[in-house]
Amino acid sequence: MTKKKDLENYRLSRPPNFKLVRRDLPRGRKAGALNYGVSLAKGDILVFLDAEARVDPDFLVGVSHHLARSPALSLRLRVRDPKNKLQRLYSGITEFSMNSLFRGRYLKGLPVFPNGSAFAIRSKVLRDVGGWKEGIVAEDLEIGIRLYMEGVDVEYVDDVIVETLAPYSWKDLFIQLKRWAYGSGQLLPYSLQMAKKGLRGIEGAIYANQWGVYPVFLVVLLIAGLLSPLFFSSVYTWIGSLSLFLISTLVFSVRSNTKEYDIRIPTLMISAFIIGYISGLMKTGFNWKVTPKKRGIRR
């Protein structure tokens, strides 16, 4: 189906209070598009979702309720309608991330970062901090760091759910993870400024660089296990080091609440994180690719 036909179908089906806009000159990466939308917005509440997002009819009621007491919200993501094994695994990883990296950290009083696929903020707050930073690959991570440095707390909301789609193929997932890691590495010098805020800020800086921390941890365990016979006479040290590595990789490969697992998950994640994070640190050229979420879609 052509873009012209897509637009025509949209015009026929959209609610009367919806407006579709396009930029004549795309620039500034995704952040540029977001800033363009913000410049046209007239309301007090701004919500940022991916194109494939689906929400309940009372979604905005829940968002406005929470924004009445908080300046910004990171909303719960949930994968809908997983079709294949990869998407089921990705769904489990998403649930784990929401429970630990968002809900768990919020309950412990640690900094919560926006999720670019499910984020809401008061328009005045966004404009006061300068909007989205254009040209950045991980624009949601960057604005999360900036909000924290400006003293704006982001609340994690568990009862307002945004349904999304998972990558369809292993290659698509690799590209997506590499992009996330690239954005993290690109922002390393900036994220380290959070350490000025004390222990809470140090933890936030570590979180912002998790894409580099995870693979380094696993690679160090593997190297320690392989080299331990050269430095330790006990075979138990060698077995213990490699066992820690295997247990750690198993955590990456197991889907939450099921016995389903796939060793390709840790292999893909570690390689994507290492390549992406180092590329971001070196600021090599980056070609943005939208992650396909359905069979046969390529952009």
* Being in contact (Cβ under 8 Å) with a residue 40 or more places away in the chain, open to solvent by 20 Å² or more (accessible area, probe 1.4 Å) and closer than 20 Å to Leu187 by Cα narrows it down to one of Glu95, Glu134, Glu139, so name that one. => Glu134
* Structure fact -> Cβ pairs under 6 Å, 6+ apart or interchain, first in segment 199-213 and more than 22 Å from Leu177 (Cα to Cα), second of a type in the set (A, V, I, L, M, F, W, C) and open to solvent by less than 10 Å² (accessible area, probe 1.4 Å), ordered by first then second residue, are Gly201/Met194
* **Criterion: surrounded by 18 or more Cβ atoms within 10 Å (Cβ to Cβ) and within 20 Å of Val160 (Cα to Cα) - qualifying residue of Gly116, Gly28** => Gly116
* **Count - residues of segment 5-30 that are closer than 22 Å to Gly43 by Cα, basic (Lys, Arg) and modelled with pLDDT of 70 or more** => 4
* Between a first residue in segment 168-190 that is closer than 20 Å to Tyr207 by Cα and a second residue that is open to solvent by 40 Å² or more (accessible area, probe 1.4 Å) and assigned to a loop (DSSP other than H, G, I, E, B), which pairs have beta carbons less than 7 Å apart while being 6 or more apart in sequence or on different chains? -> Tyr182/Phe286; Gln186/Lys283
* Do you know which of the residues in segment 139-191 that are part of a helix (DSSP H, G or I) and hydroxyl-bearing (Ser, Thr, Tyr) is farthest from Ile275 (Cα to Cα)? -> Tyr148
* To do: Take Tyr190 and decide whether it is at pLDDT 60 or above, in contact with a strand residue (DSSP E or B) (Cβ under 8 Å, 6 or more places away or on another chain) and either crowded, with 19+ Cβ neighbours inside 10 Å or among the hydroxyl-bearing types (Ser, Thr, Tyr) (or both).
  => no
* Structure fact -> Among the residues of segment 81-92, the number that are open to solvent by 50 Å² or more (accessible area, probe 1.4 Å) and within 18 Å of the chain's Cα centre (by Cα) is 1
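The values are calculated or read from the model by the stated rules, or taken from the named source; none is laboratory data. Values in this document were obtained by computation on a predicted structure and should not be read as measured data. For neighbour counting, all protein chains shown are included, and Cβ atoms are generated from backbone atoms with ideal geometry for every residue, glycine included. Areas reflect the complete protein model, heavy atoms only, side chains present, ligands, DNA and RNA absent. Shrake-Rupley method; radii C 1.70, N 1.55, O 1.52, S 1.80 Å.
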